[in-house]
1. Report the relative contact order of the chain, percent, no decimals, based on alpha-carbon pairs under 8 angstrom and at least 6 residues apart.
2. Mind checking the dipole of the chain: about its Cα centre, +1 per Lys or Arg Cβ, -1 per Asp or Glu Cβ, Debye to the nearest 20?
3. When we measure straight from the Cα of Lys94, which lysines land under 19 angstrom away, once same-chain ones fewer than 8 places off are left out?
4. How about the range 289-332: which chymotrypsin sites (Phe, Trp or Tyr not before Pro) there are in a DSSP loop, with at most 16 other Cβ atoms within 10 Å of their Cβ?
5. Within the range 94-195, report the trypsin sites (Lys or Arg not before Pro) that DSSP leaves as loop and that have at most 11 other Cβ atoms within 10 Å.
6. Which of (1) 34, 28, 21; (2) 42, 25, 18; (3) 29, 28, 23 is the computed semi-axes √(5λ) of the Cα gyration tensor in Å for the structure on display?
7. For every helix of n ≥ 4 consecutive DSSP H residues, a contribution of -39,500 (n - 2.57) applies; sum these over the chain, divide by its total residues, and give [θ] at 222 nm rounded to the nearest 500 deg cm²/dmol.
8. Once you charge only the Cβ atoms, +1 for Lys and Arg and -1 for Asp and Glu, what is the size of the charge dipole of the range 325-386 about its Cα centre, to the nearest 20 debye?
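No lab work stands behind these numbers, since they all come straight from the coordinates. Worth saying up front: this structure is predicted, and the values here are computed from it rather than measured. Note that we place each Cβ from the backbone using ideal geometry, even for glycine, and neighbour counts take in every protein chain shown.
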Amino acid sequence: MRVIAIIAEYNPFHKGHEYLIRRAREAVGDPRALVLSIMSGPFTQRGLPACAPKSVRAKQALKCGSDVVLELPFEWACAPANEFAEGAVLTLMKTGVVTDIAFGVESDDSGIMEALSDPALYESESFTTALRDNLSAGMNFPRSRAEAAASCLEGFDREAVRNCLHSPNSILAVEYLRAIKKFGAKFNVHMIKRVGQDYSSDDVNDTSGFMSASAVRKIINGCDSVSAVASGIAGKLPDRSAAVMLAGLSAGDFSPCNLDKYIIRAVTSPSDDISSVRFMGDGLDGHIRNTFEKLRADDMSFGKVSSSLYTKHFAMPRIYRALTMMMMDVKADAVSYEPRYIRVLGFNHEGRYCLKIMGKCAKLPIIHNQSDFLEHFSSDPDLERSARLGLAADDLAGTFMGISPASTWDIPPVIVK
């Protein structure tokens, strides 16, 4: 049985995701290969709440080609690219069933990707010196790393290296490769060339046929009714993906994520000391506090606060992750070293068979319903801490989508026939 892992956010599930699943099966050479997706839950790698509940996004994936959907625990889902990748790869390894992994890349040069994923690069004195000098010069970490790598990799065009480490999918791809090497995962790797616009582009007039998730979210957030959402996303998502989202909105199960509520909650949340909050190092706590103290009542919108928080020293995803951790009061030392459970969000008929095999091979407890956590709390404090963080994240994100607190406790895995 070939099982292809795909690490994603499905925020929301768009045509590029559908394309990746199809091309992954083609790359494996087996149209009957199972696709196992592991996706972020209520919060994304960028630090912001997802556009829709994880149950809706899992159902979108299952309707459009995935056979099993797992959740990447909150600590790794809402984290820098290297931690996001390590949490996902470790979880996939612990399932005991994954044979292949596929991910999208912007770069055609697999040689650059391999070179950038070599641990020796980041351990070299030349790289660490260049990185330190770039940070001291005021560059943020992503740019500092890209410039350091470009200056240290021999035999490659510097601009090509920079472009690779400035391209969102390729950045994650490098981290996936690094994690696979670090943990010795025996996956067959398939890098699929991405098509369409950059995933972070918010150009809502894109005509490539592969509109980015950012652009789709921009359309949804600009709509004031379900009918407006239906009109706005028509042709932008796979039909089945759009139908799942519209059905949930029409039924009142959720509303589009309100980022203004998110940022207002952040502005009104700081305690006396936030320096110990996760991701608040290097003076970010002072920057956030000083910025918030200068805000006026009429500045309390996501766009205006984000503009006020913008600085060349800290990348915006780092700031959003810190804000989310601040709202949840997650300290820097509150995270387990590695995932402690495998959370099933949904499956189809073929996926049910995959889960049956996983039940015999997995190296971690498999959680289908929230109540399944309880039997492990007494024997694994790290699992309990991680599970409670996940529940708190569900509740927090739910407040921005009109979902009642603790309602996720009663939601079973999505089953698609």
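1. Computed value for the chain: 24 percent relative contact order.
2. Approximately 920 debye in magnitude.
3. List returned: Lys181, Lys182, Lys186, Lys356, Lys360, Lys363.
4. Hits after loop and neighbour filter: Tyr310.
5. Numbers: sites: Lys94, Arg132, Arg143, Arg145, Arg158, Arg162, Arg178, Lys181, Lys182, Lys186, Lys193, Arg194; in loops: Lys186, Arg194.
Passing sites in the range 94-195 are Lys186.
6. Correct label is (3).
7. When only DSSP H runs of four or more count, the value is -15000 deg cm²/dmol.
8. Numbers: 8 positive and 9 negative charges, 65 e Å.
Taking the Cα centre of the range 325-386 as origin, the dipole is about 320 debye.
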